[in-house]
Every structure is written in C-alpha cells, then in structure tokens.
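All remarks here apply to the structure that follows.
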Amino acid sequence: MKKLLIIMLAFLIYIPSWSQKQEKEKNWWIRGYVKDLVNVNISNDSTTFDNLIHNRLNFKWFPNDEINVKIELRNRFFWGETVKSIPNYGKLVDVNNDHFDLSAMNGKNSILGHTMVDRAYLEWYKNDWEVRVGRQRINWGINVVWNPNDLFNAYSFFDFDYEERPGSDAVSIKKYTGVASSLELASNTAGEFDDMVIAGKWAWNKWNYDFQLLAGKAREDYTVGFGWAGNIKDAGFKGEFTYFSPYTGKGDEALLFTVALDYSFESSFYINGSLLVNTAASVTPDFQENINLFATDRITAKELSPFRYATFLQASYSFHPLINGGVATIYYPSKRDALFINPSVTFSVKQNLDLDLISQIYYDKFFDDYKVQARLIFIRLKWNF
C-alpha cells in the first residue's frame, strides 16, 4: 500500500507539468485534477471525520481526423473513522457497474486505495457517422436531477463528487440526419441477456424544441421513452418520461415522469424546480426501502427514488466574481415529510484552484419522531491541470 501511494503521489506531481509541455507538440494530451475532500458526519451521539484524496487522469490520443482514443483513470485514497469502523469497507467502494473489472484496490486498517478505469473507448468519425466502442458514458438524460431517459448510466444527485458519472462497456452507433437530428443505436455488454440494455434513440428539433424518442430493452424490461428541452418565453422547460414493462414476469410496470423549469435573472440569480413521479414506488416507503434513497451504486432509470413523488428546488447566486453560493432541496410528499437540504459555497482561490463548502442534511420521520437523520459537512479543495 505504501509503495502504491508513493508511486501515485510522484505520478501526480510529474504528470501535470510534463503533459502541458508535450501536448503542444503531440497529437495527444493528458489532463485531470486532484481533490481533497474532508467529510464530517455529525450524528446525535457522535461525530466522525474522514478524508478522501481523489485524482483523475484523462488521456486523449487523436492519430488522425477520424479516430480518437480516450482513457480516463479515477484514483482515490480513503482514510478515517468510517473506513476503520465498517468491515469490508472496500466492497462498498469497489462497485463495478460494467461487465469488465478494470479496478484495483488495496488497504489496511483505516486506509484504502482504489483505482478504476471508468472511460476507455475508441471513437470513429466519418461524414455523418459516429461510432464508439468501449467503456463510455451514454448520456440520454435531459433533466438536472432525475433522468428516466438515461437507460445506460443513471446516477445519484447525492454523489456530488463524481462529476463525470459512471460509464458502460458498450457500443454506440450514431447517424446524423441533419443539423439537429440524429439516429442512435447502443448496447452494453453483460454476462446475462437480462442484464443488458439495448436501445435506440431518435433526436430531432421542431418549434425551437429538442425532442427525443427512445425504445428498446433495459435489463428485464421493455421500455419506451420521450423527452424534450426548450423554452417558455425566457424560462427553460425540460421533461422526460419512460415506461417500463417487464418481459420476464418479474417486477412491476413503471412509468417515471419528470418535468423541470429553470430561469436565470440578469443579476446572476438562478432558480430551478423539478418534479418526479414514479408509479412503481411507494407513497411512503418503509425503512428498508428508504435505505436505497442515498445509494450511489447500481442505480437504474427505473429506480431513481423509493418515494412515488419527489420535488426539487434549487437557487444559486454569484455574490462576487470569485464567490458562488446556493441551496438545493428535495422534498418527498408523504406521511414522513422527508426533506433533503443541500447548501453550498464555492470560492475561486486562484486560476484552476477552487474551495467548496458543502452540507447535506436529511430530515425524516422514523418511529413517530421527526428529526434530522443525517448531517454531513464537506470541505473540498480542487486543483485542475
């Protein structure tokens, strides 16, 4: 573990300056970032501290005008009380949503090192054709918080430290049929047919709106979906819905629908509101279902929330050219009145160096007692190179 840590630290120091010199002359480049995230978990009877160093390396090679090769590596070092107190904590970290296992892990006591290749694909362009083969992100989502159309790579809003989002071992073929229209067919790779996602998407523009229609199979369901993005006067208007029907006889039918409005004022004040409806979820889920609310692994477009209804409201403001702040809330209308509050402030310390102060607070009613169930504070320093 010590050898791995020394090698990675030396690599992080050397790569940024070396790559900047090389990419001016070569047909490739390396970029990325280093983040240090301090996590303070304040419960009713104790307070725990944890730390995460998160490094990302993005490599791109473009041998000619038609071919690109991308490999992106995610390196993380965890240490603190949570790593020490939870047995087999590494199994919670080393979650592979893809078919091929491109990760490595090493740890002892309260320290854990984990590395994963989450992008590795070849991209080919020719006239109106685009083909990608390998581990990639197939992003069909439109909305900010919930994406029922994101059949391949659904993600959790609570996992704020993974901006790139998960990828899939997949093949995607896209044909551009116009300036703002295309046809796309994609399939991931899995050990079993029932774990595969095979779907097509048609995208087009009409009346100054971007529309998309998709259909296929998503794991054990036949699925069809629709999405749009446009404006109502000066306000953004987006929406997605996807219908799931199990072909295996297992599970329930589900219709997930989300709609969002957002508006930016001249003063830089920004607001965003969204609604999610999941017909297969419970209006008031039990405790075991509620545990899945904050899960950040293996989320699917059919299981975006254990609550049937969810509302999102976000506001942000630029207090200074170097200071931005805001707050996001998610309210789950039910007998429990569950409420998630997410305030944040970002300071631009200098070029390519940011400091974030983030909090996550969760209110819920368990056993007739409505109170704070989770209170987390994060301090993050991020350097981009």
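The values are calculated or read from the model by the stated rules, or taken from the named source; none is laboratory data. Bear in mind the structure is a predicted one, so any value in this text is a computation, not a measurement. So basically every Cβ, Gly included, is an ideal-geometry build from the backbone, and we count neighbours across all protein chains shown. Note: areas computed on protein heavy atoms with side chains; ligands, DNA, RNA excluded. Shrake-Rupley method; radii C 1.70, N 1.55, O 1.52, S 1.80 Å.
So if I check each of 191, 216, which one is under 24 Å from residue 134 (Cα atoms) and out of contact with any Ser or Thr (no Cβ under 7 Å at 6 or more places or on another chain)?
Just one listed residue meets the conditions, 191.
Residues 251, 200, 216: which one is at pLDDT 95 or above and touching a Phe, Trp or Tyr at 6+ places or on another chain (Cβ under 9 Å)?
Result of the check over 251, 200, 216: 216.
Considering each of 242, 258, 248 in turn, give the residue that is exposed (fewer than 14 other Cβ atoms within 10 Å of the Cβ) and either in contact (Cβ under 8 Å) with a residue 40 or more places away in the chain or of a type in the set (S, T, N, Q) (or both).
248
Collect the residues in the stretch 179-192 that are of a type outside the set (S, T, N, Q) and at pLDDT 95 or above, keeping them in residue-number order.
183, 184, 185, 186
Just give me the residues in the stretch 216-242 being among the acidic types (Asp, Glu) and over 20 Å from the mean Cα position of the chain (by Cα), in sequence order.
220, 221, 234
Can you name the strands (runs of 3 or more DSSP E) wholly within the stretch 306-385 that have at least 2 residues being of a type in the set (Gly, Ala, Ser) and touching a Phe, Trp or Tyr at 6+ places or on another chain (Cβ under 6 Å)?
Strands (runs of 3 or more DSSP E) meeting the threshold: 309-320.
Of all residues in the stretch 156-189, which are open to solvent by less than 30 Å² (accessible area, probe 1.4 Å) and not in a strand (DSSP E or B)?
156, 158, 161, 162, 166, 167 - these are the residues of the stretch 156-189 that are open to solvent by less than 30 Å² (accessible area, probe 1.4 Å) and not in a strand (DSSP E or B).
Suppose we keep only residues that are of a type in the set (D, E, K, R) and at pLDDT below 90 within the stretch 304-336. Which one would you say is nearest to the chain's Cα centre (by Cα)?
336
Of all residues in the stretch 93-109, which are assigned to a strand (DSSP E or B) and either hydrophobic (A, V, I, L, M, F, W, C) or at pLDDT below 85 (or both)?
Across the stretch 93-109, the qualifying residues are 104, 105, 107, 108.
Give 131, 93 a once-over and let me know the one that is in contact (Cβ under 8 Å) with a residue 24 or more places away in the chain, out of contact with any Cys (no Cβ under 8 Å at 6 or more places or on another chain) and more than 30 Å from residue 275 (Cβ to Cβ).
After ruling out the rest, the residue left standing is 131.
If you scan the stretch 304-326, which residues turn out to be closer than 17 Å to residue 147 by Cα, of a type in the set (A, V, I, L, M) and surrounded by fewer than 19 Cβ atoms within 10 Å (Cβ to Cβ)?
313
Out of 65, 150, report the one residue that is touching a residue at least 60 places away in the same chain (Cβ under 8 Å), within 30 Å of residue 212 (Cα to Cα), over 17 Å from the mean Cα position of the chain (by Cα) and outside any strand (DSSP E or B).
65 is the lone residue from the list that is touching a residue at least 60 places away in the same chain (Cβ under 8 Å), within 30 Å of residue 212 (Cα to Cα), over 17 Å from the mean Cα position of the chain (by Cα) and outside any strand (DSSP E or B).
Checking residue 45 against (1) in contact (Cβ under 8 Å) with a residue 12 or more places away in the chain; (2) surrounded by fewer than 14 Cβ atoms within 10 Å (Cβ to Cβ), only one condition comes out false. Which one?
Of (1) in contact (Cβ under 8 Å) with a residue 12 or more places away in the chain; (2) surrounded by fewer than 14 Cβ atoms within 10 Å (Cβ to Cβ), only one is false for residue 45: (1).
I need the full set of residues from the stretch 191-209 which are open to solvent by 30 Å² or more (accessible area, probe 1.4 Å) and in contact (Cβ under 8 Å) with a residue 60 or more places away in the chain, in order please.
191
Can you go through 73, 112, 122 and tell me which one is part of a strand (DSSP E or B), of a type outside the set (Ser, Thr, Tyr), more than 24 Å from residue 301 (Cβ to Cβ) and open to solvent by 70 Å² or more (accessible area, probe 1.4 Å)?
122
Exactly one of (1) over 20 Å from the mean Cα position of the chain (by Cα); (2) without any contact (Cβ under 8 Å) to a residue 12 or more places away in the chain is unmet by residue 175. Its number?
Result: residue 175 fails condition (2) only.
Inside the stretch 346-365, can you point out the residues that are β-branched (Val, Ile, Thr) and surrounded by fewer than 16 Cβ atoms within 10 Å (Cβ to Cβ)?
349
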